[in-house]
Every structure is written in structure tokens, then in C-alpha cells.
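These notes are about the structure you will find just below.
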Amino acid sequence: PLGQGIANAVGLALAEKHLAARFNKPDSEIVDHYTYSIIGDGCQMEGITNEVCSLAAHWGLGKLIAFYDDNHISIDGDKEIAFTENVDKRFEALGWHVIWVKNGNNGYDEIRAAIKEAKAVTNKPTLIKVTTTIGYGSPNKANSFSVHGAALGEKEVEATRNNLGWAYEPFQVPEDVKSHWSRHTPEGAALEADWNTKFTAYEKKYPEEAEELKSIISGDLPAGWEKALPTYTPESPGDATRNLSQQCLNALAKTLPGFLGGSADLASSNMTLLKAFGDFQTATPEGRNLRFRVREHGMGAICNGVALHSPGLIPYCATFFVFTDYMRAAMRIAALSEAGVIYVMTHDSIGLGEDGPTHQPVEHLSSFRAMPNIMMFRPADGNETAGAYKIAVARRNTPSVLALSRQKLPQLPGTSIENVERAGEELRKEGKSVRVVSFVCWELFDEQPDAYKESVLPSDVSARVSIEAGSTFGWGKVVGGKGKSIGIDSFGASAPAGKLYEEFGITVEAVVAAAKSLI
């Protein structure tokens with residue numbers, strides 16, 4: 001989707017600058033690559049582009065070079081109908097170096113010179129505006145929207161071939177073109193061999209750094225990393241899961257070399273600050289706290305780029321759960337791209353209180369449970385929070401969302417890190433064979449063998465009640481046609497958390513009443 005490409009590129013360039021700062025030595029530049037991106041007119045119209053390009057300039061990502069295909073055409077026609085801003089000036093104002101190639105159709109030397117100039121500017125990203133003609137060579141459709149989103153058609157293809165003097169059959173690659181491009185194969189092999197030789201020397205001189213970098217490049221996590229996660233007992237003091245999450249984040253950062261992330265201007269509320277590591281800034285790119293400020297959409301897409309740079313880079317990002325609405329497109333791309341980003345989403349219900357319904361998530365849990373290839377966790381205590389992180393880190397091809405509470409929760413008996421992997425075990429039995437099950441993650445439960453699922457939710461037990469501070473949508477498949485679901489199917493309100501739960505019926509009394517009605 002438009003704007004996501006440049007956002008991913010910012011994440012890739014961020015990763016390069018971060019790794020270079022951590023692992024390069026005065027006598028060995030082991031991390032050194034550029035990141036290139038192509039931006040279209042439609043990308044320039046999307047708000048996410050401004051978000052991420054603002055951050056790219058702030059971070060001084062001098063090895064990021066973006067080509068802007070300035071052909072002034074989008075699907076509905078000439079951009080003059082609704083896009084008349086001066087893009088050059090906007091990017092200069094953001095802090096980018098801007099170059100204009102006026103003949104982008106065949107001005108190859110101009111383009112080469114622009115790339116050379118861009119590489120010489122090391123303290124800021126570069127936008128190379130390349131003015132082109134869309135459908136160049138087509139005698140009847142060039143420079144029009146009719147060539148933007150549709151094929152030329154058989155007659156116009158033939159006319160274009162004749163106009164360009166292209167005498168080759170369809171899919172035939174001329175020998176001179178083939179040989180020109182094929183030279184990159186031996187060149188690339190030589191470059192890789194040189195790097196391997198350099199890294200061998202680096203490994204001998206800096207064994208600890210080399211081991212960490214290999215872990216990041218390969219995705220092989222340090223042995224026993226999960227043992228760093230905290231554990232809790234029922235005697236441990238109750239706490240908000242956002243605070244318990246912070247304990248997990250800081251524990252993981254000390255044992256996972258590629259663990260880094262940040263919040264959309266809510267670090268002190270999301271509890272996401274890594275206390276032992278500094279901020280990633282222009283002058284301190286080795287820092288592992290990413291400051292996104294209020295740019296949720298850009299934040300999500302940048303983290304996708306970081307995750308896709310190297311298997312061992314594990315980015316997390318955070319905001320209030322309700323504000324996933326601002327970043328859902330990036331989260332969906334993470335799921336589609338198999339980018340294992342961890343989303344730390346606090347203030348998970350109407351229980352956040354006086355901020356009111358604009359900040360209170362209701363339908364959000366259901367919406368992510370409906371999204372393919374994403375884990376939606378809602379842990380009930382410390383052990384389940386730690387268990388969620390264990391799975392989120394281990395599953396590098398699946399993004400994970402952790403919905404975390406603002407209010408204190410007790411440490412429950414029967415929970416464990418291991419049980420989260422089985423989607424929740426029996427917590428306790430009381431009265432007449434009453435079973436309480438913590439449904440931490442629906443997706444994990446669905447993956448389990450039928451025998452396990454039957455042991456947790458016996459098919460001959462139809463008296464089932466679900467309760468969740470969120471939409472009841474989807475719970476029907478768990479409680480069945482004869483069961484009852486307690487939740488919130490309207491917007492919330494502004495009041496203290498306890499009052500809201502009472503008003504909306506998220507109470508022990510409501511569960512008891514529902515259960516009695518089924519017996």
C-alpha cells in the first residue's frame with residue numbers, strides 16, 4: 001500500500017545505522033550499506049510518508065536515498081486536481097537533501113550523478129526527484145492516467161514497440177542487455193567473499209561483538225534466553241500488566257542483542273523504556289530506545305522494516321490499544337509480510353477511566369482476532385504476560401499484540417509461562433464442578449490438538465459463560481449456542497474504572513447470574 005515502502009525503507013536504514021554504531025570499529029567497517037526506495041505521487045499524498053520522512057531526517061539517516069518518480073499522474077488523472085504542494089520544499093523543510101533530475105526518461109548520466117551526490121551527503125537522507133513521463137514511448141497513452149492502472153492493449157503495445165524501435169520478440173532479452181546485467185553476478189560474489197574475509201578477521205579480534213552480530217544476522221537466539229523472563233506466585237504483589245510487561249521488556253533486552261523498540265510519545269504510560277540502554281538519536285545511534293513521538297502509523301511501518309532487515313532484530317512498539325486504529329494498515333502488512341513485530345498495547349479496556357470513550361477500546365480485540373497471522377494476547381497476570389512475551393519473541397514470522405491493563409490485577413494460582421503456550425489451563429475448581437479458563441490467546445488455542453481442546457472445553461458441557469472487557473463478537477464459537485457472553489457492545493464512558501465496570505455489567509455478580517441461568 002502507498003507510503004508503506006518508504007516507511008519500511010526508513011526502518012531498514014535505521015537498522016543499518018544502529019548496527020553500524022554498535023559493531024563497526026575504527027579498523028573494521030563491518031556494517032555498511034545504503035537503503036534505496038522509490039516513491040510515487042500517491043505515496044507523497046499519504047500521511048504516513050510525512051511521518052516517517054520527518055523521523056528519517058531527525059535521525060540523520062544519511063544512507064537512505066529515495067527516488068521520487070515525479071510523473072504527476074495518479075489513477076484519477078493529473079495531480080493538479082488535488083495535489084499542488086511543492087514537494088521539494090516540503091522535504092527540505094523536513095531536513096532532507098533534495099536533488100532534481102529533470103530528464104528521468106533517459107537521463108542516465110544525470111541519475112548516476114545524483115546518486116553520487118546523495119552518497120556524499122552523510123548527515124541527512126536524500127530525495128532524488130526524477131521527473132518522468134508515465135507510459136514513456138507509448139504514442140497515444142503516454143503522459144495520461146489511462147496508462148496508470150491498465151494494460152496498454154495489444155495495438156498500443158505494437159505501436160509503442162515501433163515508436164521505440166524495439167524489434168525483439170516478447171520476453172526476449174537482447175544479449176547486450178543480458179551481459180550488462182549479468183556482470184553483477186561475479187561482482188556480487190567477489191564483494192561477498194571480501195566481506196567474509198573481513199568478518200573472519202573481525203571475529204578473531206572482536207569475538208564477543210562478532211557473536212552478537214551473527215546472532216542478529218542469523219536469527220539464532222542465545223541459548224536459554226527465555227529463562228530471563230520473570231516468574232510470579234500467587235503471593236507476589238498484584239500489579240498492572242503494563243508494569244509486568246516492563247519487567248519482561250527490560251529482562252529480554254539484557255539477553256537478546258537485537259531487542260529494541262519504543263512508544264508513540266507514551267513511554268512513561270506504556271511502561272516501555274529500556275532502563276539500561278540509551279535513546280537512538282543522531283549522535284547516539286547505538287541506543288535501543290526508539291522515540292517515535294505521536295506518529296503511530298509511521299511507527300508501525302518503520303518497525304516492519306527493522307524486523308525485515310535481519311531475523312535477529314526484534315522490534316516492539318507501543319501506544320494505547322485504541323490507537324491501533326491509527327496504525328492498523330502497518331500491522332496488517334506485518335502479518336502479511338511475516339514480520340515479527342511485538343505490539344505493546346496498554347490501556348486495554350473501558351477500565352482506563354476518565355479519558356472517556358475516545359480512548360477506550362471495545363471492538364479492537366475482536367478485530368485483531370479476525371486478522372490472519374497475528375497473535376492477539378490478553379494476559380491476566382504476570383506469568384501469562386511473561387508467557388506471551390516468550391511466544392512473541394520465538395515466533396519471528398508472526399507479529400503479536402499484547403493488550404495490557406492499566407489497573408492492578410492479582411497474581412493468579414495455576415498460571416505459568418508454559419501454560420500460555422497451551423492457551424490456558426484450568427485455574428481452579430470451586431463449587432459444583434465450575435471451571436475457570438484463561439483464554440490468553442485464541443490463535444494458540446486453535447492450534448492445539450482436538451484432545452487438548454476437548455479437555456479444556458468439554459463438548460458435553462454447554463453451560464458456558466465468557467466475560468471480557470471488550471466486544472462479545474466472536475465469543476459465540478467458544479460458549480456455543482446455549483452459552484452466554486458478557487462484554488461491552490457499545491462505546492464506553494468517562495468515569496472511574498470501578499464505576500464503569502459496574503455500569504456496563506463487567507462484574508462477578510453478572511457472571512454468577514449468567515451461570516445460574518444456564519444450570
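The values are calculated or read from the model by the stated rules, or taken from the named source; none is laboratory data. All values reported here derive from a predicted model rather than from experimental measurement. Counting neighbours? That spans all protein chains shown, and the Cβs are built from the backbone with ideal geometry, glycine included. Accessible surface areas use protein heavy atoms only, side chains included; no ligands, DNA or RNA. Shrake-Rupley method; radii C 1.70, N 1.55, O 1.52, S 1.80 Å.
Roughly speaking, to the nearest percent, how much of the chain's 1.4 Å accessible area is carbon and sulfur? Walk me through the numbers on the way to the answer.
Values: 13380 of 24540 Å².
Of the solvent-accessible surface of the chain, carbon and sulfur hold 55 percent.
Treating only the Cβ of Lys, Arg, Asp and Glu as charged (+1, +1, -1, -1), what charge dipole size does the chain show about its Cα centre? Round to the nearest 20 debye.
Numbers: 51 positive and 64 negative charges, 160 e Å.
Computed about the Cα centre, the dipole is about 760 debye.
In this rough spin-label picture, where each label sits 7 Å from Cα along the Cβ direction, the Glu447-Ser182 distance is 4.5 nm. Computed log10 I(q)/I(0) for segment 1-113 at 0.13, 0.16 Å⁻¹: -0.56, -0.81, from the Debye equation with unit scatterers placed on every C-alpha and solvent omitted. Antiparallel DSSP bridges in the chain: what percent, to the nearest 5? For the chain, the DSSP antiparallel bridge percentage is about 15.
Evaluated with a Cβ-only charge set (Lys, Arg +1; Asp, Glu -1), segment 1-141 carries a dipole of roughly 380 debye about its Cα centre, given to the nearest 20. Straight-distance candidates among the lysines for linking to Lys408, with alpha-carbon spacing under 21 Å and chain neighbours fewer than 8 residues away dropped: Lys499.
Restricting segment 45-119 to GluC sites (Glu not before Pro) that sit in a DSSP loop and have at most 16 other Cβ atoms within 10 Å of their own Cβ leaves Glu85. Label reach from Arg435 (point 7 Å along Cα→C-beta): in segment 455-487, amide nitrogens under 15 Å belong to 455-466, 478-480. Lysine pair count for segment 202-281 (Cα-Cα distance under 22 Å; residues 8 or more apart in sequence or on different chains): 7.
Size of the dipole of segment 160-235 about the Cα centre, Lys and Arg at +1 and Asp and Glu at -1 on the beta carbon, nothing else charged, in debye to 20?
Values: 8 positive and 14 negative charges, 66 e Å.
For segment 160-235, the charge dipole is close to 320 debye.
Taken over the C-alpha atoms, segment 457-519 has Rg and Dmax values of 12.6, 42 angstrom. Between (i) 27.0, 86; (ii) 29.5, 100; (iii) 29.5, 106, which entry matches Rg and Dmax of the Cα atoms in Å as derived from the coordinates of this structure? It is the value labelled (i). In order along segment 313-318, phi translates into HN-Hα couplings of 7, 10, x, 10, 9, 9 Hz, rounded to whole numbers, per the Karplus curve 6.51 cos²θ - 1.76 cosθ + 1.60 with θ = phi - 60° and x for Gly and Pro.
Close amide-amide hydrogen proximity is noted between Arg291 and Phe280, each under 5 Å apart and 5 or more residues distant or on a separate chain (H modeled in the peptide plane; Pro and chain starts excluded). Take every Cα pair under 8 Å whose residues are at least 6 apart in sequence, average their separation, divide by the length of segment 273-381, and the relative contact order is 20 percent. Accessible surface calculations at 1.4 Å, restricted to protein heavy atoms, place the chain at 47 Å² per residue.
Bridgeable lysines around Lys119 (alpha carbons under 27 Å apart, same-chain partners fewer than 8 residues away excluded): Lys17, Lys25, Lys63, Lys89, Lys102, Lys129, Lys198. Comparing segment 150-249 with the 2.2 N^0.38 Å rule of thumb, its C-alpha radius of gyration ratio is 2.26 (two decimals).
Taking 0.36 nm per residue of separation and subtracting the current Cα-Cα distance, fully stretching the chain between Glu29 and His58 would add 8.1 nm. Here the translational diffusion coefficient of segment 311-389 follows from Stokes-Einstein with Rh set to the Kirkwood radius across Cα pairs; for 10 °C and 1.306 mPa s it amounts to 117 µm²/s.
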